[in-house]
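The values are calculated or read from the model by the stated rules, or taken from the named source; none is laboratory data. Not measured: the values here are computed from a predicted model. Here the Cβ positions follow ideal geometry from the backbone for every residue, glycine too, while neighbour counts run over all protein chains shown. For the accessible areas, the whole protein counts, side chains as well, though only heavy atoms, and no ligand, DNA or RNA atoms are used. Shrake-Rupley method; radii C 1.70, N 1.55, O 1.52, S 1.80 Å.
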Amino acid sequence: MFDAMAGFVEAEDLEERSGRVFWKSLLALNIVTGFGLASRRWDLFPTMFGKYPGDALWALMVFLLIGMLRRKMSSSMVAAWALATCFVVEFAQLYHDPWIDSVRATRIGYLALGTTFNPMDLVAYTVGVAVGWMTEFVILRAGRTCGPPISG
């Protein structure tokens, strides 16, 4: 398997390096989803940011979901797949037909698929995925560099 950060590696090595634990990922996914849904209902962020923090959280949720389901995948590949998924969903909003618009008219359809293409959403998605990738990178790097506890 090819890992963008380390070249070709065995899947077992990649799983060890990924450090993703299903239950921790599920907890993070639920927290991010909760904040994302809350951001659509209440003003959690400064109004100058508009709806974009919610879009960034949606992209972060996609990153976490892919990482949770594909724990052997490198962080870079998870980020690439998450960004591609977000971009495909956004560009799909350019397509309008009665059947897809009826799906988008439902609450879950609106939250998952959106309704109107906006190029600025692509920036928000990139920020959300980048936050996920950088957070995972820092956490995993800290986990690798931490030695045994120092006793006094």
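In the full protein assembly as shown, how much of Asp97 is accessible to a 1.4 Å probe, in Å² to the nearest 10?
60 Å²
Can you pull the one-decimal nm distance between simple spin-label points at Asp43 and Arg141, each 7 Å off the Cα toward Cβ?
So the label points at Asp43 and Arg141 sit 3.7 nm apart.
Given the protein chains as shown and a 1.4 Å probe, how many square angstrom of Trp42 are accessible, to the nearest 10?
150 Å²
Per the 1.4 Å probe, what fraction of the accessible area of region 14-132, in percent, lies on carbon and sulfur atoms? Walk me through the intermediate numbers first.
Details: 5000 of 7000 Å².
Taking all protein chains in place, region 14-132 shows 71 percent carbon and sulfur surface.
For region 58-127, what does the alpha-carbon gyration tensor say about shape, rounded, prolate or oblate, given a ≥ b ≥ c as the root eigenvalues, a/c under 1.5 as rounded, and a/b over b/c as prolate?
prolate
Once phi is turned into ³J(HN,Hα) by the Karplus curve 6.51 cos²θ - 1.76 cosθ + 1.60 with θ = phi - 60°, what whole-Hz value does each residue of region 94-99 show in order, with x for glycine and proline?
6, 8, 10, 9, x, 5
Test of understanding: what is the full-extension gain from His96 to Ala112, defined as 0.36 nm times their sequence separation minus their Cα-Cα distance? It would help to have the intermediate numbers written out before the result.
On the way: separation 16, 0.36 × 16 = 5.76 nm, distance 1.56 nm.
Using 0.36 nm per residue and subtracting the Cα-Cα distance, I get 4.2 nm.
Just the number please: accessible area per residue for region 45-87, 1.4 Å probe, all protein chains included, in Å².
50 Å²
In sequence order, what are the phi-derived ³J(HN,Hα) couplings for region 127-138 according to the Karplus relation 6.51 cos²θ - 1.76 cosθ + 1.60 with θ = phi - 60°, rounded to whole Hz, with x for glycine and proline?
Each residue of region 127-138 in turn: 5, x, 5, 4, 4, x, 5, 5, 5, 5, 4, 5 Hz.
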